[in-house]
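Note sheet for the following structure.
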Amino acid sequence: MKTLRRYAQVYGALMRYSVIHEMQFKVNFLLWIVVECLWFGLQLAYMAVLYGHTESIAGWTRWQVVLLLGCNQVVQQLFHVFFVTNLSNLSELIRRGTLDLLILQPMNLRFLVSVKKFEIGNVANAGLGLVVIGWALAKLGQWPSALEWLGFVVVCCAGLLIHYSLCFMLACVAFWTVRAQGILWGYYNLFNIARLPAEAFPRGLYRTFFTWVLPMLLVSNVPARLLAGTLTSPGPLVALVGIAAACFAASEGVWRWSLRHYSSASS
Amino acid sequence: MGKYLHVLSIGLQNTLVYRANFLFRAAFGLIPLAGTLYLWRAIYGEPGAGAVINGYTLAQMMSYYLVLTMVDAFTAVAEDDWQIAGDIKDGQISQFLLKPIDYLQYRLSLYAAGRLIYTTCALVPVAVFLAFQWSAVVGPVSVLALGQTALATLLAGMLQFFIAYTVALLAFWVLDVSTFIFTQFALEYIASGHLFPLDLLPPWLHQVLMGTPYPYLAYFPVGLYLGRISGNAAWLGLGIQIFWVLAAYLLARLVFRLGVRKYSAVGG
């Protein structure tokens, strides 16, 4: 319990520091929120154009897809809030040898590497995702029960954990190649399919791979279907939580193995 | 001219170092492409959907995205804009102001080198992908259209470079240009036809967008290939494209001149 409190305190300090740092560049801070809004608007516009030419896509109506985009936005932006900057920074820590300093801290190293920077700006964009979810639900004319909302929070956390664990494993490649920014860029391509209805993909290698190996077709689809009330069985919920746990365990294994390969860049 | 050929050859050698990275990038880029193609297949497969949407058959729609991918490989700016902004920020650009070398031509040579290597690397995964999608691919409507597509792609590459170059030059005035680069990229992404063929939009919006330079980066060359733009409209379009290339070139020169006046050679 005492350790937990210490970690909470340290995280609080890191958050405070990140916010203060961010506020030094106010205009830039606001511009980033606008840019992210623009990209989200782009996704909505894309679907609006598609639905201008069809009534439904693989059984999903227009507002169900808007709901899906909203869920994807929430998960993706929360991933930004807590992890993206830190993970893309790992290769720099290794290249410059700054990781040495962190190793010497009396804290869990993975904790420090993963959550050092807190991106407050993206909280606003995640909020925008929630607004769009509310909008879509109003258009669909239904409101989920308290239990469904609770389930939504759980599956969003599971999705967040999946993104974090997969991306963390990719970032660990930097222990061997030193430069690994391109890899995170590659991960962004995966986000592009996370916001599509899984049913649009025919059963086959592609769908199986992106459901069970890299579960992109689950992370946003399952929360959206939960809220839309189109889940027929609790199977996908259990699968998502189970895969999240498996991904996290795998990433811890990769992390320990990678650390053994670390040879400091400085003297 | 000779010295820029030399830059080109150095650029080729430097970029070759990243060939594995490029191969990886091109292969990863195919994942969302496959997603888009599946999405369109699902739309055409909906009960009650016609065989033709806005004049596009399924094969033409698939080909739109496949040709787009190739045009994109030829013309996309990869790291160029970030490097230019970096040169200005760290004062690296000072050496170009002092030597008899023109920065724009220097960057253009490096961009050309990067694109040559990238396209060659991207050919491997794209060819494999095409082999799987072969039944869905339609050829160019005519030899003339293919020639026009090639010319339009070349011009699109130049236009793309001048736009990226100009946006990167904003680094003369602001500390961090990344928001500008991303905003420009977002506009370009939707208005150039990267997400969907622009003629799927309501006609008035399509017309408005055609008044901007963006469609000439992607939609125009692909439209030529598919025969969506042909005859007089094709030649007129090429004329407009040349106009935009020249305009973007002059703007790039102007912004550079203004920027240098503001430049204070930090770290130099």
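General remarks:
- Scaled against 2.2 N^0.38 Å for its residue count N, the alpha carbon radius of gyration of chain B is 1.08.
- P(r) weight above 18 Å for the range A:184-267, C-alpha pairs, percent: 55
- All other residues whose Cβ lies under 13 angstrom from that of A:L78 are scored, Lys and Arg at +1 and Asp and Glu at -1, for a net of -2.
- Relative to the compact-globule estimate of 2.2 N^0.38 Å, the Cα radius of gyration of the range A:37-137 comes out at 1.48.
- Per-residue Cβ neighbour counts within 10 Å put B:D90, A:D100 in the sequence B:D90, A:D100, beginning with the fewest.
- Using only alpha carbons, the protein assembly as shown has a radius of gyration to Kirkwood radius ratio (Rg to Rh) of 0.97.
- For the range A:108-267, convex hull volume per residue from C-alpha positions, Å³: 146
- Remark: mean inter-chain Cβ contacts per residue of B:30-42 equal 6, using a 10 Å Cβ-Cβ cutoff to other protein chain atoms.
- Two-decimal log10 I(q)/I(0) for the range B:1-100, as the Debye equation yields it once each C-alpha is a single scatterer, q = 0.13 Å⁻¹: -0.71
- With a 10 Å cut-off around each Cβ of A:207-213, the average count of Cβ atoms from other chains is 1.
- Listed from fewest to most Cβ neighbours within 10 Å, the set B:S142, A:S233 follows the order A:S233, B:S142.
- In this simple spin-label model, placing a label point 7 Å from the Cα along the Cα-to-Cβ direction at both B:A59 and A:A48 gives a separation of 3.4 nm.
- Computed from backbone phi, the HN-Hα couplings of the range B:36-47 come to 4, 5, 4, 4, 5, 4, 5, 5, 5, x, 4, x Hz, rounded to whole numbers (Karplus: 6.51 cos²θ - 1.76 cosθ + 1.60, θ = phi - 60°; Gly and Pro given as x).
- Distance from the C-alpha centroid of the range A:1-76 to that of the range B:117-157: 35 Å, rounded to the whole angstrom.
- Acute angle (nearest 10 degrees) that the helix B:58-75 long axis makes with the longest principal axis of chain B, alpha-carbon atoms: 10
- Phi-based couplings in Hz for the range A:94-109 (Karplus 6.51, -1.76, 1.60; Gly and Pro marked x): 6, 4, 8, x, 5, 4, 3, 4, 5, 4, 6, 5, x, 9, 5, 5
- The HN-Hα couplings worked out from phi for the range B:244-249 by the Karplus form 6.51 cos²θ - 1.76 cosθ + 1.60 (θ = phi - 60°) are 5, 4, 5, 4, 5, 5 Hz, whole numbers, x standing for Gly and Pro.
- In angstrom, the C-alpha Rg and Dmax of chain A are 19.6, 64.
- Here the sum of -39500 (n - 2.57) over DSSP H runs of 4 or more residues, divided by the residues of chain B, equals -24500 deg cm²/dmol at 222 nm, to the nearest 500.
- Across peptide A:195-203, the mean count of Cβ atoms from other chains lying within 10 Å of each residue's own Cβ comes to 3.
- With contributions of -39500 (n - 2.57) from each DSSP H run of at least four residues, the per-residue ellipticity at 222 nm computed over chain A stands at -23500 deg cm²/dmol.
- Over 26 Å between alpha carbons, listed pairs A:K26/B:K99; A:K26/A:K117; A:K2/A:K26: A:K26/B:K99; A:K2/A:K26
- The relative contact order of the range A:8-259, computed from alpha carbon pairs under 8 Å that lie at least 6 residues apart in sequence, is 26 percent.
- Tilt relative to chain A, helix A:2-23 - C-alpha long axis, 0 to 90 degrees, to 10: 80
- Ordered by the count of other Cβ atoms within 10 Å of each Cβ, fewest first, A:L217, B:L154 give B:L154, A:L217.
- Principal-axis tilt of helix B:143-169 within chain B, Cα atoms, nearest 10 degrees: 40
- Using a cutoff of 8 angstrom between alpha carbon atoms and counting only pairs six or more residues apart, the relative contact order for chain B works out to 28 percent.
Laboratory data are not the source of any read-out in this text; all were calculated from the coordinates shown. All of these numbers come straight from a predicted model, not from anything done at the bench. With ideal geometry, Cβ positions are generated from the backbone for all residues, glycine too; neighbour counts draw on all protein chains shown.
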